[in-house]
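Reading through the structure tokens given below for one structure.
The values are calculated or read from the model by the stated rules, or taken from the named source; none is laboratory data. Predicted model only: the values in this text are computed from it and were never measured. Cβ sites come from the backbone with ideal geometry, for glycine too, and all protein chains shown count toward neighbours. Quick note on the areas: whole protein, heavy atoms, side chains included, nothing else; ligands and nucleic acids left out. Shrake-Rupley method; radii C 1.70, N 1.55, O 1.52, S 1.80 Å.
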Amino acid sequence: MRAAGIPCTHVAMRQRGLRPTPRPAQRRWTTLEKAGAAMAIYHLAVKSVSRSTGRSAVAAVAYRAGVCLENERDGLVHDYTRRGGVEDAFIVAPEGAEWAQDRSALWNAAEAAEKRKDAKVAREYELGLPAELDAGQRRDLVRAFAEDIRDRYGVAVDAAIHAPHDYGDDRNHHAHVMTTTRVAEADGLGAKTRQLDVRTTASVEVEAIRERWAGMVNDALELAQVPERVDHRSYERQGLDIEPTVKMGHASAAIERRAEREQIAAGEEPHAVTPRGQVNEAIMEKRGLGFYIERGQERIREWSHQLRERAELTMQGMSSLVQGAARAMRSGLQTSSEGGFEAVPALDQSPQRDQMPAIELDQPGQRGRDRQREQEPDRQRGRDGPDIGFGR
């Protein structure tokens, strides 16, 4: 075993491929981002480090932590001290297992504890960290998750926080949380943890971990007074009519990055060139269109609400004006009555009080005319002489 602090001189394994050329300052913004709908992104993936795929826990941790470790089992040395982008790396272990704070001792013990050629020697939790948080807040968030996993399974946890790649999305802050597959005890690694290995309990455990991580992220965002929130459920489970994008994969992502650099250098508008990239581009355009439509509908609803409020205010103003005019009329009538207005006969009293006496006074004259009509035949007979009975 190599002594701590002595630099490694032999590199047994390096990252495949050439180091990517830093991409230009320009970047491809999705339609949603252009529309101002950028939000915190949720990501948690649970993976295993298995010998059946030719991997070792020592090599995986060396790369993620950016350190140099020697695998005592096969004698290979893994030196990643020259790699950049590792913002922080730390170990949390159960109480009494202070020996696990030594990274080399911890992961060589994890390799030595497994005898099978297809054994799972480590487990990894890949976390997406909110770009809305600062470096200290992201560090606290990852430590809280590491401690939660330690307390849940009793394992030792080795966490590494990475900055966004210089050839990818500049908001892609993330962390790799590596754990042992056995309980960490005072004298070494103990029993195997089977909750994530048994099919009947693995899905339940992963769902609980994903939900727990979403809660931690939302608590951190709320503490930082950031309005965005995340949800561990799929769009379908949330009841949202949003089409998810497809996974790009390393090969397609590399082709898209190279094509973007070439398109920008030629002065062209960046566009997808791979089938998966084109599918995702179409999905994002569709999302952006839906976003604009929804914003338009919201704006129309706001205008309708404002018009209703204005109409209500206008009606209230007219009602107040009418009530004020009525009060003014009543006040004016009362003032006229006090100044002698009662001398003018009321309209509802004049017909009865003035016309009835006139009818009563006219009654004697009417009786006289009636008597004259009754006496008119007698006077006529007096002028013509007495009736001498021509009829006999």
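Structure summary
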| quantity | calculated |
| --- | --- |
| Some residue of region 56-75 being farther than 20 Å from Val183 by Cα, open to solvent by 70 Å² or more (accessible area, probe 1.4 Å) and within 42 Å of the chain's Cα centre (by Cα) | no |
| Filter result (of a type in the set (A, V, I, L, M, F, W, C) and over 28 Å from Ala45 (Cα atoms)) within region 260-276 | Ile264, Ala265, Ala266 |
| All positions within region 232-278 that are closer than 28 Å to Val217 by Cβ and over 18 Å from the mean Cα position of the chain (by Cα) | Thr245, Val246, Lys247, Met248, Gly249, His250, Ser252, Ala253, Glu256, Arg257, Arg276, Gly277 |
| Flag for Asp158 being closer than 20 Å to Asp231 by Cα and in contact with a helix residue (DSSP H, G or I) (Cβ under 7 Å, 6 or more places away or on another chain) | no |
| All positions within region 245-275 that are open to solvent by less than 30 Å² (accessible area, probe 1.4 Å), of a type in the set (S, T, N, Q) and closer than 20 Å to Lys286 by Cβ | Ser252, Thr274 |
| Subset of region 112-143 (residues that are surrounded by fewer than 14 Cβ atoms within 10 Å (Cβ to Cβ), more than 34 Å from the chain's Cα centre (by Cα) and modelled with pLDDT of 95 or more) | Ala112 |
| Check on Asp88, more than 40 Å from the chain's Cα centre (by Cα), at pLDDT 95 or above, open to solvent by 20 Å² or more (accessible area, probe 1.4 Å) and closer than 30 Å to Val206 by Cα | no |
| Test: Ala109 is touching a strand residue (DSSP E or B) at 6+ places or on another chain (Cβ under 6 Å), open to solvent by 20 Å² or more (accessible area, probe 1.4 Å), closer than 20 Å to His174 by Cα and of a type in the set (A, V, I, L, M, F, W, C) | no |
